[in-house]
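Nothing in this text is a laboratory measurement; each read-out follows from the coordinates by a stated rule. Please read all numbers here as calculations on a predicted model, not as lab measurements. Neighbour counts are summed over all protein chains in view; Cβ atoms, including those assigned to glycine, are modelled from backbone coordinates with ideal geometry.
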Amino acid sequence: MMDKTVRNKRRLIKWIKIIVIIYCSIGIALYYLQEKFLFHPVKLDSNYTYQFDMPFKEINIPFNKIDTINLVKFFPKDAVRKGVVIYFHGNKENITRYAKFSKNFTKHGYEVWMEDYPGFGKSTGEITEKKLYEQAWQIYAMAKNLYGNDSIIIYGKSFGTGLAAYVAANGIVKRLILETPYYSIPDLFSCYAPVYPTSLMSTYKIPTYKYLQDVKVPVTIFHGTGDGVIPYRCAKKLQQVLKSSDEFITIPEGTHHNLNDFDLMKNKLDSLLNL
């Protein structure tokens with residue numbers, strides 16, 4: 001009887017050790033590979049020629065001695081400009097992936113300014129959270145020099161929603177619109193790996209929920225219930241920090257990539273841009 005008890009105890013200890021080793025191994029991998037999970041850039045040669053089926057202008061903005069921000073401005077066909085939409089895109093590829101969405105705004109008379117993050121497209125330099133904020137703010141400062149505060153709309157898509165919220169919280173703009181946002185980066189990681197202390201492990205924080213609490217202008221959020229990248233249940237927590245006048249618009253069965261195909265989003269976006 002004693003031998004059986006000892007064997008069971010040893011077997012239990014063995015399995016505990018195995019579980020701890022697996023847990024620690026996955027945790028270490030998640031920590032060191034988190035930027036690989038978070039960013040999926042595609043670099044472009046500096047001589048690459050953009051080809052878009054709409055009027056545009058490419059500019060390169062020196063950020064420091066080694067970093068350059070590549071920015072593309074998309075223009076409406078009408079010479080009369082209603083304002084500018086600063087568009088912070090997602091974590092994949094580069095501007096070429098998101099350029100098609102600029103038509104949502106140019107058809108209403110808005111310019112669209114779309115930057116690539118460090119290491120994306122033609123933008124150079126190493127990516128850091130601090131640099132993302134600083135470069136986003138530099139783009140806003142440029143827009144402010146050309147347009148009045150009531151003519152600047154901040155738009156964020158996916159990863160870019162946190163940066164958009166940051167700019168809107170610290171600047172004076174007309175409106176903030178977020179498509180498929182996250183509560184924070186650690187919270188997003190927690191949605192996938194709830195058994196890990198993601199608040200301690202995550203190098204990037206980007207607390208969208210904190211910035212939203214300081215946004216004084218109207219906020220509109222679009223999120224789909226079928227989002228497999230930023231789960232709806234995780235994004236829904238942002239509703240807790242919105243003002244009573246803000247909107248969290250749920251798109252039934254909408255995924256992370258197809259909200260632009262739904263009439264609910266298209267019609268609502270049109271009405272916001274006509275204000």
*How high is the FRET efficiency from Ser46 to Lys17, r the C-beta distance, R0 45 Å, rounded to 0.05?*
0.30
*Would you compute, from DSSP H runs of 4+ residues alone, the mean residue ellipticity of the chain at 222 nm, taking -39500 (n - 2.57) per run and dividing by the full residue count, rounded to the nearest 500?*
-11500 deg cm²/dmol
*Relative packing of 129-138, 116-125, 51-60, which averages over residues the other C-beta atoms within 10 Å, highest first*: 116-125, 129-138, 51-60
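Starting from the Cα gyration tensor of the chain, take the square roots of the eigenvalues, sort them a ≥ b ≥ c, and report rounded, prolate or oblate (rounded when a/c is under 1.5, otherwise prolate if a/b is larger than b/c, else oblate). Please report the intermediate quantities before stating the final value.
On the way: a/c = 2.47, a/b = 1.83, b/c = 1.35.
Taking the square roots of the gyration eigenvalues as a ≥ b ≥ c, the chain is prolate.
If we count other beta carbons within 10 Å of each Cβ, what is the order of Thr180, Thr5, Thr128, fewest first? Display every interim value, and only then the final one.
Values: Thr180 26, Thr5 9, Thr128 12.
Fewest-to-most Cβ neighbours within 10 Å comes out as Thr5, Thr128, Thr180.
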_Sequence ranges 86-96, 256-266, 38-48, ranked by mean other-Cβ count within 10 angstrom, highest first_ = 86-96, 256-266, 38-48
*Specify the inter-centroid distance of the stretch 70-132 and the stretch 157-196, based on alpha-carbon positions, in whole Å.*
17 Å
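Give the value in nm², to one decimal: projected area of the alpha carbon convex hull of the stretch 74-189, averaged over all directions.
Values: hull surface 28.6 nm².
It is 7.2 nm².
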*Using Cα-only point scatterers and the Debye equation, what is log10 of I(q)/I(0) for the stretch 151-262 at each q in 0.17, 0.19 Å⁻¹, rounded to two decimals?*
-0.76, -0.93
*Which is farthest toward the positive dipole end of the chain among Phe189, Val84, Leu132, measuring Cα position about the Cα centre, with Cβ charges +1 (Lys, Arg) and -1 (Asp, Glu)?*
Phe189
_Can you classify the stretch 65-140 as rounded, prolate or oblate using the Cα gyration tensor, where a ≥ b ≥ c are the square roots of its eigenvalues, rounded means a/c under 1.5, and otherwise it's prolate if a/b beats b/c and oblate if not?_
prolate
